Ligand code: AMP
Ligand code: MG
């Protein structure tokens, strides 16, 4: 196994049998894959784009890295930047001005939160911070007091508390509730996937892949063949299913295994059920395939919250045809369209719902 493939396995995704993201050097005038690796959004980022011109390929990669760096700074939930300034103003009951990029992020998240019936709720920043998930490290502490959780839950901050008024260079925002604290940890990576592919497409580069720590989007094909994407096994090693994808698609996975807090042998995963204030834990991972990365990301988070019985209803509300869920017993549930695409590892119990 070469290094690239090993790296992708580590990230939870594989690209093609032996599909190294290495430039195909040679004298043929064939478009080569140009790739870049960075650490952003708290995760490993890998980009690859096909271009006949090495200069163009490298420029496109640099442009995307620059844009990601800006998003990572401006949309960070707890480090100083545009979003934390906005959060401070909302908490103080003040009006805040944001630029077009942040305004459209908030607008998009609000619409998706409504579609999820509030299960995807990026207004929950106070609760997410209370559970220690606004930090670069995983903590080993007792869970928060039930009374503290109940108190934050009682405020029930929701995205529809926000009033957004478009201006010439962004928007003016205020919140009807001082408890709205925006955290786009469940959404921003998906939006970044979309922006990256748009940027490549804007340069006429229609064969590309973007991998943000296992959340991935592709366009076109990989050197003339479909992209092959592996969905990481949430409870074990390797891959639980493989998907072949052509054209523009995002494959986004939310998992309770990704991040959690541990205390007395018990795990408290990082996706919070807004109805209870406690972590959602009955789905090990939810993978959504959809042309839009932002939608796929919000939906994958919402499916985990919805749980093993209710997730198909939420998938329908998002208009998702292709989703794959691994429940806490390791069994796979998938939609009919996903069942046609996915090659699930042998021996794994599968149910089409
Ligand atoms: P993801 O991996 O996309 O499911 O995102 C998980 C992250 O989203 C968490 O680390 C939190 O920052 C945030 N989050 C947790 N619970 C929710 C929720 N119910 N709705 C929206 N974002 C959430
Ligand atoms: Mg998400």
Rg and Dmax of the stretch 48-183, Cα atoms, in Å? 17.8, 60
Rounded, prolate or oblate: pick one for the chain, where a ≥ b ≥ c are the square roots of the eigenvalues of its C-alpha gyration tensor, a/c under 1.5 means rounded, and failing that, prolate if a/b is larger than b/c, else oblate. oblate
For the stretch 67-138, what does the alpha-carbon gyration tensor say about shape, rounded, prolate or oblate, given a ≥ b ≥ c as the root eigenvalues, a/c under 1.5 as rounded, and a/b over b/c as prolate? rounded
113, 104, 285 arranged by Cβ crowding within 10 Å, fewest neighbours leading: 104, 113, 285
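Quote to one decimal, in nm, the extra length available between residue 329 and residue 43 on full extension: 0.36 nm per residue of separation minus the C-alpha distance between them.
Going from the current span to full extension adds 100.2 nm.
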Per the rule of 0.36 nm per residue minus the C-alpha distance, extending residue 235 to residue 198 adds in nm 9.9 nm
Asserting the computed 222 nm helical MRE of the chain (DSSP H runs at least 4 long, -39500 (n - 2.57) per run, divided by residue count, to nearest 500) equals -10500 deg cm²/dmol
Apply 1/(1 + (r/R0)^6) to the Cβ-Cβ distance of residue 95 and residue 259, taking R0 = 25 Å, and write down the FRET efficiency to the nearest 0.05. 0.15
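For 158, 275, 115, what's the fewest-to-most ordering of other Cβ within 10 Å of each Cβ? The partial results should precede the final answer.
Numbers: 158 20, 275 14, 115 17.
By the 10 Å Cβ count, ascending, the order reads 275, 115, 158.
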Between the helical axis of 100-115 and the dominant principal axis of the chain, each derived from Cα atoms, what acute angle in degrees is found, rounded to the nearest 10? 80
Give me the distance between the Cα centres of the stretch 140-198 and the stretch 314-345, rounded to whole Å. 27
Hey, rough spin-label estimate for residue 316 and residue 346, points 7 angstrom out along Cα→Cβ, what's it come to in nanometres? 3.6
Segment residue 136-residue 163, length gained on full extension (0.36 nm per residue, minus Cα span): 6.6 nm
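Read-outs throughout are calculated quantities, based only on the coordinates presented, and are distinct from any laboratory measurement. Owing to the predicted nature of the structure, the values given are computational and were not obtained by experimental measurement. FYI the Cβ positions are ideal-geometry reconstructions off the backbone, even for glycines, and counts take in every protein chain you see.
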